[in-house]
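For reference, the structure discussed in these notes is given below.
The values are calculated or read from the model by the stated rules, or taken from the named source; none is laboratory data. Values in this document were obtained by computation on a predicted structure and should not be read as measured data. Every residue, glycine as well, gets a Cβ built from its backbone with ideal geometry; the counts of neighbours run over all protein chains shown. Just the protein is used for accessible areas: all its heavy atoms, side chains included, with ligands, DNA and RNA removed. Shrake-Rupley method; radii C 1.70, N 1.55, O 1.52, S 1.80 Å.
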Amino acid sequence: MTIPRFVGRPDWYNTFNPETLAATGTPLRWGVIATGNIATTVTTDLALLEDAVLQAVSSRSQTSAAAFADKFGFTTHYFDGGPSGAAAPGHLQLLADPEVDVVYVATPHGQHFDIVRAALENGKHVLCEKALTITSAETRALIELARAKGLFLMEAVWARFVPGFQRALEIITSGEIGEIKWVRGDLGFVAPNDPALRIWAPNDGGGALLDLTVYPLLWAWGTLGQPEKVAATGSLTSFGVDGLNTITLSYANGSQAQLISGLVSQGPGRATISGTLGYIETVNSLNNPKELFISGPGGATRTETFEEPGSGYTYQLREVTRCIQAGLTESATMPLDDSLSIMELFDEVRSQLGLSYTNDTRTDI
Ligand SMILES: NC(=O)c1ccc[n+]([C@@H]2O[C@H](COP(=O)([O-])OP(=O)(O)OC[C@H]3O[C@@H](n4cnc5c(N)ncnc54)[C@H](OP(=O)(O)O)[C@@H]3O)[C@@H](O)[C@H]2O)c1
């Protein structure tokens with residue numbers, strides 16, 4: 001298998017380590033919280049890392065915890081009410097386990113804040129699925145806690161680490177396509193019309209913004225940086241969360257980005273980065289482009305393709321592992337200040353869309 005190697009990345013990507021599977025230090029003992037879709041996909045990739053020990057998994061259900069532990073070979077599994085008749089929720093039992101060094105939180109958004117806070121209070125390093133929290137106030141509180149405890153914390157924006165994105169940034173940084181003037185990105189699918197799904201549930205932080213927008217935003221953020229102004233429109237569904245949103249970002253130098261995220265229709269899921277000398281387009285999904293189309297100076301075109309181990313999550317997992325082994329408390333590729341700035345931007349988008357969550361008024365953070 002070819003593992004891509006890149007050089008010349010922008011400074012904030014300078015910790016990327018392409019040897020994702022090879023050990024970089026003392027093995028880390030992982031605890032996985034939840035047994036849903038992304039927990040399964042990411043754990044499949046985690047098992048590929050030479051220095052990952054699958055120590056413990058927790059679930060609300062005994063059956064799910066046992067099946068997940070059995071499937072991946074976890075040493076211990078925890079579930080609500082057990083084992084040995086313990087009354088605590090499964091994830092709190094896992095967090096009390098001294099054999100666990102780092103936890104991966106893969107529950108819906110609505111549970112992230114409380115679980116990550118408990119993890120940090122129990123002395124665990126944390127990788128938490130996006131969106132890290134529902135509000136920027138929650139994100140700020142978690143960052144302060146992680147820093148006070150000297151523990152590693154990272155939002156699992158895996159798309160920052162994948163080869164296609166890294167390579168696009170390298171091309172842009174080289175100046176090949178000139179000065180970036182606009183970025184366009186879309187991501188969406190038709191979510192089943194079922195209010196029981198986390199993706200629609202207000203209490204779970206449902207809606208397109210918190211579930212999808214981080215991905216198209218990644219391309220604007222990575223190439224143009226933090227915007228000066230944001231203008232958002234969108235529509236709320238009968239479930240009370242956004243089914244569709246469109247965000248225009250304006251930059252001090254006159255550049256623009258337009259992002260569309262939706263749970264109500266299909267789309268190509270592509271990003272385009274337009275420069276004064278050429279452009280780059282992701283041929284397939286902007287989450288993890290396996291192919292980039294590059295139109296360079298004079299209209300010369302080419303396609304670059306990428307291979308990767310697993311499903312693309314090994315890159316962020318290597319970064320978490322490498323950082324913790326090195327005694328770092330955050331990743332320079334996915335810094336905590338970026339998580340906070342993005343949550344602040346999402347707060348602003350929500351206020352423009354008229355989208356509020358109960359977490360907006362919580363007083364216990
Ligand atoms: N990085 C990515 O590519 C990616 C892709 C999809 C989703 N995500 C993110 O991952 C997170 C989970 O998404 P998912 O698609 O995996 O969701 P999912 O399939 O619904 O799984 C979520 C799991 O969380 C646990 N859970 C704990 N409390 C819950 C509650 N109150 N309601 C429902 N489930 C609860 C459940 O596991 P137990 O039954 O075992 O307790 C459930 O299976 C979200 O933050 C989402 O944005 C990331």
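Taking a ≥ b ≥ c as the square roots of the eigenvalues of the Cα gyration tensor, an a/c ratio of 1.5 or more together with a/b no larger than b/c marks the stretch 117-242 as oblate.
Using the crude model of +1 on Lys and Arg Cβ and -1 on Asp and Glu Cβ, and no other charge, please compute the dipole size for the stretch 253-340 relative to its Cα centre, in debye to 20.
Here the stretch 253-340 has a charge dipole of around 160 debye.
If I compute solvent accessible area with a 1.4 Å probe over the protein chains, what percent of it on the stretch 227-365 is carbon and sulfur? In the stretch 227-365, the share of accessible area belonging to carbon and sulfur is 49 percent.
Rounded to the nearest 10 square angstrom, residue 270 shows an accessible area of 100 square angstrom against a 1.4 Å probe. Each residue was assigned an accessible area with a 1.4 Å probe, and for residue 265 the value is about 60 Å².
Compute the Cα gyration tensor for the stretch 284-365, then decide on rounded, prolate or oblate, letting a ≥ b ≥ c be the square roots of its eigenvalues: rounded whenever a/c is under 1.5, prolate when a/b is larger than b/c in the other cases, and oblate in all that remain. Verdict is oblate for the stretch 284-365. Tell me whether the stretch 261-316 comes out rounded, prolate or oblate; compute the Cα gyration tensor, take square roots of the eigenvalues as a ≥ b ≥ c, and use a/c under 1.5 as the rounded threshold. Oblate, because a/c is 1.5 or more while a/b does not exceed b/c.
Packing-based ranking of 328-336, 355-363, 201-209 yields 201-209, 328-336, 355-363, ordered from highest to lowest mean Cβ neighbour count within 10 Å. Around residue 148, what is the net charge, scoring Lys/Arg as +1 and Asp/Glu as -1 over all other residues with Cβ under 15 Å from its Cβ? The answer is +2. Solvent-accessible area assigned to carbon and sulfur over the stretch 110-153 amounts to 43 percent, based on a 1.4 Å probe.
For the chain, the solvent-accessible area works out to 39 Å² per residue, with a probe of 1.4 Å and every protein chain left in place.
Peptides 164-176, 210-222 ranked from most to least packed, by the mean per-residue count of other Cβ atoms within 10 Å: 210-222, 164-176.
Taking the DSSP beta bridges with both ends in the chain, the antiparallel portion is around 55 percent. For the stretch 127-161, backbone nitrogen atoms closer than 19 Å to the point 7 Å from residue 356 Cα along Cα-to-C-beta are found at 134-139. Once the Cα-Cα distance is subtracted from the 0.36 nm per residue extended length, the residue 196 to residue 44 segment shows a gain of 52.1 nm. Averaged over residues, the count of other Cβ atoms within 10 Å places the peptides 317-324, 138-145 in the sequence 317-324, 138-145, highest first.
Length gained on full extension, residue 326 to residue 96: 80.4 nm, using 0.36 nm per residue less the C-alpha separation.
Our Cα-only numbers for the stretch 19-158 put the radius of gyration and Dmax at 14.2, 43 Å.
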